[in-house]
Amino acid sequence: MEAHVDVEHKTVCVNGINMHFAEVGEGPLVLFIHGFPEFWYSWRHQMSFMAKHGYRAVAPDLRGYGDTTGAPKDDPSKFTTLDVVGDLVELLNKITPQEEEKVFVVGHDWGAIISWALCLYRPDKVKACVCLSVAFNPRNPNKKPLDTLRALYGDDYYVVRFQDAGVIEGEFDEMGVKNVLKNLLTYRTPSPLYLKKGKLFGNTSPSDELPCWLSEEELDFYAAKYEQTGFTGALNFYRAIDRNWEVTAAWTGAKIQVPVKYIVGDLDLTYNAPGAKDFLHKGAFKKQVPLLEEVVVLQGVGHFIHQEKPKEINDLIYNFFIRKNISTSNNHSNIICAIL
């Protein structure tokens, strides 16, 4: 059953931390990078599918998440995209066969941000990439991202609320881990997410029914892990966004030079952000990602698109990667023939 995919669990030391990852299947490696508030388990449907279709699916817990340990949770400056990409590059160096120089990458939410960063910093590691929900956001050299978000949405906007260490964690504890995760994972409103003090998710109650794509058992699996780890490590990704801006000045103006498919739901809050649709559909996105092959918008789908519509996402990922795998194999054959 996909909800409990039969994976191997392994841990390797990378970049000063102990990175846990789940793995299943044999063949070309597909690196699945999760977002918030998730961990490797969010890719259960995709891992099972890709393994059955001849791929090796690898899904790590990013630093601060799940069973990955060793990251300094009291120091958000250690959670930049440079740190996280460094973790993943070292992971690939340790688990990828020497002859497999590049891998396929799939990322969602913060995992999409990290996937874009991996493609930007180390395109030599990536055959092709599928990003879900979060599009590439080129660096604005004139304004820090947190100032932009605060000016646009105000102090109750969730990213702004996440900035004060300990405050939002206390409110989450008061509400209960399972209820917090339930509200986050089932949020499918196209408007921005606001977390007002004392009324985090409005009038929702623990008795509200779960959607058909998220079972009580699956929610319990998430909740048990976050009861164990807390939220601080995950929230540090948000708390490092201005630090990201500071340390990535060298990539201002750089473009994504990797083949990409981008998929988003029409109810996703990211798709409905001011200017997002124009950016995606009127040429600006393509200028930043020259090898972008397609923007796919699934109708009636929210933010957690790979869990809400696993069959559609599985097919889109597989069909994109199988073409790229054939293309890569043909290129290698041509090179060998030319040498001979």
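Would you mind calculating the gained length between Thr232 and Asp75 on full extension (0.36 nm times residue separation, minus the Cα-Cα distance), in nm to one decimal?
Details: separation 157, 0.36 × 157 = 56.52 nm, distance 1.01 nm.
Gain on extension, Thr232 to Asp75, equals 55.5 nm.
Given +1 at the Cβ of Lys and Arg, -1 at the Cβ of Asp and Glu and no other charges, the dipole of region 1-109 around its Cα centre is 40 debye to the nearest 20. With both labels modelled 7 Å from their Cα along Cα-to-Cβ, the Ala276 to Val295 distance reads 1.2 nm. For the listed peptides 231-240, 284-293, a ranking on the average number of other beta carbons within 10 Å per residue, highest first, reads 231-240, 284-293.
With a cut-off of 8 Å between alpha carbons and a minimum separation of six or more residues, what is the relative contact order of the chain in percent?
Numbers: 565 pairs, mean separation 64.9, N = 340.
With pairs under 8 Å counted, the relative contact order is 19 percent.
So for each of 46-53, 144-151, 108-115 I average, over its residues, the number of other beta carbons within 10 Å; can you give me the resulting order with the highest mean first?
Values: 46-53: 21.6, 144-151: 14.0, 108-115: 26.4.
Highest mean packing first, the order is 108-115, 46-53, 144-151.
For a straight C-alpha distance cut-off of 29 angstrom, the lysines reachable from Lys199 (same-chain residues fewer than eight places away being disregarded) are Lys73, Lys144, Lys178, Lys182, Lys225.
Taking all protein chains into account, the per residue accessible area for the chain stands at 43 Å² (1.4 Å probe).
First select every other residue whose beta carbon is under 9 angstrom from the beta carbon of Lys178; then total the charges, Lys and Arg +1, Asp and Glu -1.
Working: positive: Lys182; negative: Asp220, Glu227.
In short, -1.
When peptides 209-217, 303-311, 54-62, 186-194 are sorted by average Cβ neighbour count within 10 Å, with the highest value leading, the order is 54-62, 303-311, 186-194, 209-217. To put it simply, the accessible area of region 100-194 at a 1.4 Å probe is 49 percent carbon and sulfur. Comparing Ala223, Ala165, Gly198 along the charge dipole axis of region 121-276, the residue lying farthest to the positive side is Ala165, per the Cβ-charge model. Helix 110-121 and the longest principal axis of the C-alpha atoms of the chain enclose an angle of approximately 40°. For the chain, the longest principal axis of the alpha carbon atoms and the long axis of helix 310-339 meet at an angle near 30°.
Give me the extension gain from Asn142 to Asn18: residue separation times 0.36 nm, minus the current Cα-Cα distance, reported in nm with one decimal.
Numbers: separation 124, 0.36 × 124 = 44.64 nm, distance 3.65 nm.
Difference between extended and current length: 41.0 nm.
For region 1-95, the relative contact order works out to 31 percent when only alpha carbon pairs closer than 8 Å and six or more residues apart are counted. If you run the Gaussian network model on the chain, springs between alpha carbon atoms under 10 Å, then out of Ala276, Ala223, Ala22 the most flexible one is Ala276.
The values are calculated or read from the model by the stated rules, or taken from the named source; none is laboratory data. Computed from a predicted model, the values in this text were never measured in an experiment. Quick reminder, even Gly has a Cβ in these numbers, built from the backbone with ideal geometry, and neighbours come from all protein chains shown. Ligands, DNA and RNA are excluded from the accessible area calculation, which covers all protein heavy atoms including side chains. Shrake-Rupley method; radii C 1.70, N 1.55, O 1.52, S 1.80 Å.
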